[in-house]
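The values are calculated or read from the model by the stated rules, or taken from the named source; none is laboratory data. Note that the structure is predicted; figures quoted are calculated from it, not measured. FYI the Cβ positions are ideal-geometry reconstructions off the backbone, even for glycines, and counts take in every protein chain you see. Areas reflect the complete protein model, heavy atoms only, side chains present, ligands, DNA and RNA absent. Shrake-Rupley method; radii C 1.70, N 1.55, O 1.52, S 1.80 Å.
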Amino acid sequence: MQPAGGPPVTDFALRGAGMSIAEAPGRARVLAKLRQGDNIFRLVTRGAALAVLVILGGVIVSLIVGSIPALKAFGLEFPFSQSWNPVTEKFGALAPIYGTLVTSFIAMLIAVPIGLMVAFFLTELCPMMLRRPIAIAIELLAGIPSIIYGIWGLFVFAPFMQDHVQPLLIGLFGNIPVLSSLFAGPPYGIGVLTSALILAIMVLPFITSISRDVFEAVPPVLKEAAYGIGCTTWEVFRKVVLPYTRVGVIGGVMLGLGRALGETMAVTFVIGNAHKVSASLLAPGTTISATIANEFTEAVGDLYTSSLIALGLILFVITFIVLTIARLLLARIEKRIG
Amino acid sequence: MAHSINSSLYAARRRNNSIAKILALAATLFGLGWLVLILGVLLWNGFGGLSVAVFTEMTPPPGQAGGLLNPIMGSLVLTALAVVIGTPIGILAGTYLAEYGRHEKISSIIRFINDILLSAPSIVIGLFIYEVMVAPMGHFSGYAGSVALAVIVIPVVVRTTEDMLTLVPNALREAAASIGLPRAYMVIRIAYRAARAGILTGILLAVARISGETAPLLFTALNNQFWSLDLNAPVASLPVVIFQFALSPYADWQKLAWTGALIITITVLALSITARALAATGKQS
């Protein structure tokens, strides 16, 4: 395989190969120069690689430095206080943290089973001809920018929730204890549940595409053996494919969770930005990223800004942990598949 | 007796199998349904507003006609600068991981950190650039916005460059070494050329990724109502304008927001489809 275009590399490497002895010192100089160029290139690439570490270090240090004033003022109370009052300058992160965790949890609750079923369909059931187009379509869904989900959520999905879904939920669960408090209050359209559903649609393609990759890596002989003793397609998937790929699937789910936790624009449009922890899923709430996006440019005063950066730090720590677990699990399955 | 138990068990298993298959089909239709629904609504709402004015006129004050020229230009400039900053760093770092330090311990750490950056929340990147650029400079600027986007570009390019260079057959490297080619020249003249399509795919994917990014621009490049390509000042960008206009109470602003959303989506989809096609041709040759 010769790279297309340009002169053959031999012309370059062996240029002047037929030199006379008198030219030997010149040749040595050329070689030294090449060696020097080689070293410089190696150092430059190494520097660029280290820049990746510097960026991460910079993110961590700048977030910590930025949040020091807030952490000094509120101390350990910060993550557990619900007050968010720019006038009295009392800030606490409980409502955003709660909103972030609840919306992501509900999103995963919906997206994981559906994502796994789509991957099951794509790897075991779908006619060969349709597999690639459908897989590509689902990956395109993953590529749509989050602001598109946001504007769609605000103008199309939230009114739909307000007119149809939320009244139905209130009517359905209104008289059942426990559930009635989950679905209490007027149907605003926007709110925690709406945000969670949009997040579910957003992370669905991620979960599908990673599960599909790990399902496809199952050795055919395992599946054939199971079919051979008379298993149905579902039994092969449930009892052979899923246990074999469990680690990778969990890794993919964690990767999706990391995305849901940090997702900003789609949520900012529809969550309602209310710093309140309410039991009802229909009530407006807020998430860490939505709070930062909504308030950062309007934050007056160092303490306000610093509190928002402290929120960013908390978000970064949470996603860092989740993503680390995801990568470690995915690395484990990669090693096994080889 | 035994026969009837067996057959009922068998029937139950077949029933479960059919139910699972139907559910899988339903889940797939559900997933694809959203794609159709979102794109459909986008076309429906955005297409009507698409006109020459969108590309030739500035963003209007509420209640007047106008276009999206300044945010479109702003987005193009911010994206271009981000690619110019981020791509060389990304390609060089990917080169180190694949060519020089493939088995070194530090490389596995860098790979790991790079993967974390790849999925880190973009709003946190925005905060980071705010802290290191906007706060010291004292004002929002296009430069800060571009650097924030570059930080998102780098991990994408690092990842694809490394992956693509790893795919280059070692025989090519050995052949180059055997004719006395220094390693740096081998990388630049042989490995890069062989992996060209793949690396380009990575850059396209990175552009697709940042062209819709809003969160990191909110408090770096901010926004600008007027025509300005001065990167030392706030610069308008399409996603931020969509955000502002969509949340406004004015109907004509909301209409422009839909049109902007349509433009971004078409751009992103075109970029990812091109990247995919490019990756496919790269694999064939």
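Taking the numbered list (1) part of a helix (DSSP H, G or I); (2) open to solvent by 70 Å² or more (accessible area, probe 1.4 Å); (3) more than 7 Å from chain B (Cβ to nearest Cβ) in turn, A:Arg46 passes all entries but (3). Condition check for A:Ile325 on (1) outside any helix (DSSP H, G or I); (2) open to solvent by 40 Å² or more (accessible area, probe 1.4 Å); (3) farther than 21 Å from A:Pro79 by Cα: one failure, at (1). A single entry from A:Ser211, A:Ser278 fulfils the requirement of being assigned to a helix (DSSP H, G or I) and either within 12 Å of another protein chain (Cβ to nearest Cβ) or modelled with pLDDT under 95 (or both): A:Ser211. Is it the case, given these coordinates, that B:Leu229 is within 8 Å of chain A (Cβ to nearest Cβ) and either modelled with pLDDT under 90 or not in a helix (DSSP H, G or I) (or both)? No, not satisfied.
In the set A:Ala279, A:Ala226, only one residue is in contact (Cβ under 8 Å) with a residue 12 or more places away in the chain and open to solvent by 30 Å² or more (accessible area, probe 1.4 Å); that residue is A:Ala279.
For beta carbons closer than 7 Å, sequence separation of 6+ or different chains, a first residue in segment A:142-171 that is assigned to a helix (DSSP H, G or I) and a second that is open to solvent by less than 50 Å² (accessible area, probe 1.4 Å) and among the charged types (D, E, K, R), the qualifying pairs are A:Ser146/A:Glu263.
How many residues are open to solvent by less than 30 Å² (accessible area, probe 1.4 Å) and within 7 Å of chain A (Cβ to nearest Cβ) if we restrict to segment B:173-186?
4
Residue pairs whose Cβ atoms lie under 9 Å apart, separated by 6 or more positions or on different chains, with the first residue in segment B:188-204 and more than 11 Å from every other protein chain (Cβ to nearest Cβ) and within 21 Å of B:Glu174 (Cβ to Cβ) and the second at pLDDT 90 or above and part of a helix (DSSP H, G or I), are B:Gly198/B:Thr160; B:Gly198/B:Thr161; B:Gly198/B:Asp163; B:Gly198/B:Met164; B:Gly198/B:Leu165; B:Gly198/B:Leu167. When A:Pro127, A:Pro133, A:Pro96, A:Pro69 are checked against the criterion of being within 13 Å of chain B (Cβ to nearest Cβ) and in contact with a strand residue (DSSP E or B) (Cβ under 9 Å, 6 or more places away or on another chain), a single residue qualifies: A:Pro96.
Applying the selection to segment B:233-251, what residues are more than 10 Å from chain A (Cβ to nearest Cβ), in contact with a helix residue (DSSP H, G or I) (Cβ under 9 Å, 6 or more places away or on another chain) and in a helix (DSSP H, G or I)? Before you say what the answer is, go through the steps one by one.
Filtering segment B:233-251 down to residues more than 10 Å from chain A (Cβ to nearest Cβ) leaves B:233-237, B:241, B:244, B:248-251.
If we keep only those that are in contact with a helix residue (DSSP H, G or I) (Cβ under 9 Å, 6 or more places away or on another chain) as well, we get B:233-237, B:241, B:244, B:248.
B:Val241, B:Gln244 - these are the residues of segment B:233-251 that are more than 10 Å from chain A (Cβ to nearest Cβ), in contact with a helix residue (DSSP H, G or I) (Cβ under 9 Å, 6 or more places away or on another chain) and in a helix (DSSP H, G or I).
Checked against the criterion of being touching a Leu at 6+ places or on another chain (Cβ under 7 Å) and farther than 30 Å from A:Phe183 by Cβ, the candidates A:Leu242, A:Leu282, A:Leu303, A:Leu313 yield just one match: A:Leu313. Can you say whether A:Ser62 is crowded, with 18+ Cβ neighbours inside 10 Å, at negative phi and more than 7 Å from every other protein chain (Cβ to nearest Cβ), as far as the supplied structure shows? No: the conditions fail for A:Ser62. Looking across segment B:208-219, the residues that are modelled with pLDDT of 90 or more and surrounded by 24 or more Cβ atoms within 10 Å (Cβ to Cβ) come down to B:Ile210, B:Glu213, B:Thr214, B:Ala215, B:Pro216, B:Leu217, B:Leu218. All of (1) open to solvent by 20 Å² or more (accessible area, probe 1.4 Å); (2) at pLDDT below 90; (3) in a helix (DSSP H, G or I) hold for B:Ala26 with one exception: (2).
For B:Ala257, the conditions (1) open to solvent by less than 30 Å² (accessible area, probe 1.4 Å); (2) free of Cβ contacts under 8 Å to residues at least 24 places away in the same chain; (3) more than 11 Å from chain A (Cβ to nearest Cβ) all hold with the exception of (3). Can you confirm whether segment B:149-161 contains a residue that is more than 8 Å from chain A (Cβ to nearest Cβ), of a type in the set (A, V, I, L, M), within 30 Å of A:Val300 (Cβ to Cβ) and surrounded by fewer than 24 Cβ atoms within 10 Å (Cβ to Cβ)? Within segment B:149-161, one or more residues are more than 8 Å from chain A (Cβ to nearest Cβ), of a type in the set (A, V, I, L, M), within 30 Å of A:Val300 (Cβ to Cβ) and surrounded by fewer than 24 Cβ atoms within 10 Å (Cβ to Cβ). Mind listing just one residue for me: the one in segment B:76-116 that is acidic (Asp, Glu) and more than 7 Å from chain A (Cβ to nearest Cβ) and, of those, most open to solvent (accessible area, probe 1.4 Å)? Looking at the filtered set, the residue picked out is B:Glu104.
Evaluating A:Asn175 against the criteria (1) within 13 Å of chain B (Cβ to nearest Cβ); (2) of a type in the set (S, T, N, Q); (3) not in a helix (DSSP H, G or I) leaves one unmet condition, (1).
Within segment B:1-14, the residues that satisfy the criterion of being more than 10 Å from chain A (Cβ to nearest Cβ) and of a type outside the set (Ser, Thr, Tyr) are B:Met1, B:Ala2, B:His3, B:Ile5, B:Asn6, B:Leu9, B:Ala11, B:Ala12. A:Gly262: of a type in the set (Gly, Ala, Ser), within 12 Å of chain B (Cβ to nearest Cβ), more than 30 Å from A:Ile147 (Cβ to Cβ) and open to solvent by less than 50 Å² (accessible area, probe 1.4 Å), yes or no? So A:Gly262 does not fit the description; no.
Only one of the listed residues (A:Thr232, A:Thr268, A:Thr287) is polar (S, T, N, Q), open to solvent by less than 40 Å² (accessible area, probe 1.4 Å) and over 24 Å from A:Gly191 (Cα atoms). That residue is A:Thr232.
Please verify whether B:Arg15 is part of a loop (DSSP other than H, G, I, E, B) and of a type outside the set (A, V, I, L, M), treating the condition exactly as stated. The answer is no for B:Arg15.
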